[in-house]
Amino acid sequence: MPLNHTDMFRDARNQQIFAIDNLEYIKKLDKDNMFQIVYKLPEQMEEALSLAENIKFNRFENELSYVIISGVGGSAIAGDLIRVLLSNVCKVPILVNRDYSVPGYVNQNTLIIASSYSGETEETLSSYREAKEKGAGIIAVTTGGTLGKMALEDNNGLIIMPKGLSPRAAIGYSLIFLLSIFIRLGLINDMTTEISTSVGHLKRLRDRLKPEASMRYNQAKQIAQKLVGKLPIIYGSTGTTEVIAQRWKTQICENAKTIAYNNTFPELNHNEIVGSEYPADIIGKMLIILLKDKEDFSRNKLRMNITSEILRGKVSEIVEVNSEGDNALERMLSLVFIGDYVSLYLSVANGKDPTPIERIITLKDKLARH
């Protein structure tokens, strides 16, 4: 007897889920070795820590009032992680700028960290030029390109990153180089110990997340199989997991080629929660992922629980993911690591090589014509 539509859909979904645990299929699909790049995040951090010892830039004569990390996409997410991580310990405010221009208050007492992996990101180049006109201190973090040339010509700080990666896959380099700048400027205490323990923590964690780890014991594979055919909605909390939720969203979009959204407690309780009624067919396909950390504000913990009660039965499922680790950096990176692997396994389920970003390339090509 021929399969009906429901049976055909279920069979196709089962094949997608099976693919997540199929090592040969993963190796065949992952032509640019994104799985291996993600696996080596701890080694990337170790290399960055070693390279950071040779970082040189001019001391700033003026007392800093702000540090602004200017970048977009994969070159900016590490800046946002730094902003949250250091919010209670940095001696000056940290802001992240994803624009062609810089804020009006930028002056000689502002440090601009211009971050562009390629060195050709037009928004970052534009903001660099404006910051230069305003007399701000500037440090460029890049593999070279136009940004690297401008920094050299202007005698500004320049940190050269290793080449050969997608910007989103260079987060270990970006994160450690940024932390090194703040340490070198005396804006925070030395974090070498926290970085070293985080590297060890990730090395242990990846044994449970790598493709060789069966879905039965692999949290990332389990979450990815739940996401097959669903709309991922990732929720974090202000001050702890807000940026990690954004990282999950962008990784799922870029690696898995799947549309995803993120929001933050408590803000989402003042608007988005009311929108969980229509259109009912789409709401029913939403899978909520709650990113949790032990340092979440107590009222946000309560909000998560109540929100889960309200949404349960309306959305497809609610999945909780808890951070792991003994310090804030370890816990932050544990969630980033899990999310990166989730996006890779979902790409496998979708039959997509995680590395190519064809639509971004098309967009940039069309922008370049104007």
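Provide a single number: the residues in the stretch 132-143 that are in contact with a strand residue (DSSP E or B) (Cβ under 7 Å, 6 or more places away or on another chain) and either surrounded by fewer than 17 Cβ atoms within 10 Å (Cβ to Cβ) or not hydrophobic (A, V, I, L, M, F, W, C) (or both). Going through the stretch 132-143 one residue at a time, the tally reaches 4. Among the residues that make up the stretch 116-131, is at least one of them under 30 Å from N327 (Cβ atoms), β-branched (V, I, T) and either touching a residue at least 24 places away in the same chain (Cβ under 8 Å) or surrounded by fewer than 20 Cβ atoms within 10 Å (Cβ to Cβ) (or both)? Checking the stretch 116-131: not a single residue is under 30 Å from N327 (Cβ atoms), β-branched (V, I, T) and either touching a residue at least 24 places away in the same chain (Cβ under 8 Å) or surrounded by fewer than 20 Cβ atoms within 10 Å (Cβ to Cβ) (or both). The criterion of at least 3 residues that are in contact (Cβ under 8 Å) with a residue 12 or more places away in the chain is met, among helices (runs of 4 or more DSSP H) falling completely within the stretch 286-370, by 298-311, 328-349. The residue pairs whose first member lies in the stretch 181-204 and is free of Cβ contacts under 8 Å to residues at least 12 places away in the same chain, whose second member is surrounded by 15 or more Cβ atoms within 10 Å (Cβ to Cβ) and not hydroxyl-bearing (S, T, Y), and whose beta carbons are closer than 7 Å, counting only pairs six or more residues apart or on different chains, are I183/M191; D190/I183. Only one entry of E63, E46 meets the criterion of being surrounded by fewer than 16 Cβ atoms within 10 Å (Cβ to Cβ) and either of a type in the set (D, E) or within 16 Å of L329 (Cα to Cα) (or both), and that entry is E63.
Hey, any hits in the stretch 116-126 for a residue that's touching a Cys at 6+ places or on another chain (Cβ under 7 Å) and part of a helix (DSSP H, G or I)? Looking through the stretch 116-126, none of the residues is touching a Cys at 6+ places or on another chain (Cβ under 7 Å) and part of a helix (DSSP H, G or I).
Quick grid of which residues meet (1) in a loop (DSSP other than H, G, I, E, B); (2) closer than 30 Å to P354 by Cα; (3) free of Cβ contacts under 8 Å to residues at least 60 places away in the same chain:
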| site | (1), (2), (3) |
| --- | --- |
| V38 | no, yes, no |
| M45 | no, yes, no |
| A48 | no, yes, no |
| E61 | yes, no, yes |
| V96 | no, yes, yes |
| P103 | yes, no, yes |
| N107 | yes, no, yes |
| L147 | no, yes, yes |
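Search the stretch 199-225 for residues being part of a loop (DSSP other than H, G, I, E, B) and not polar (S, T, N, Q), and hand back the single one that is surrounded by the most Cβ atoms within 10 Å (Cβ to Cβ). Only one residue fits best here, namely P211. Output yes when any residue across the stretch 101-111 is closer than 26 Å to A368 by Cβ and either surrounded by fewer than 23 Cβ atoms within 10 Å (Cβ to Cβ) or over 17 Å from the mean Cα position of the chain (by Cα) (or both), and no when none is. Yes, some residue in the stretch 101-111 is closer than 26 Å to A368 by Cβ and either surrounded by fewer than 23 Cβ atoms within 10 Å (Cβ to Cβ) or over 17 Å from the mean Cα position of the chain (by Cα) (or both).
Here, each number is a calculation from the coordinates, and none is a lab measurement. Note that the structure is a prediction, hence the values are computed from the model and not measured. Heads up, the Cβs are rebuilt from the backbone with ideal geometry, glycines too, and the neighbour counts pull from every protein chain shown.
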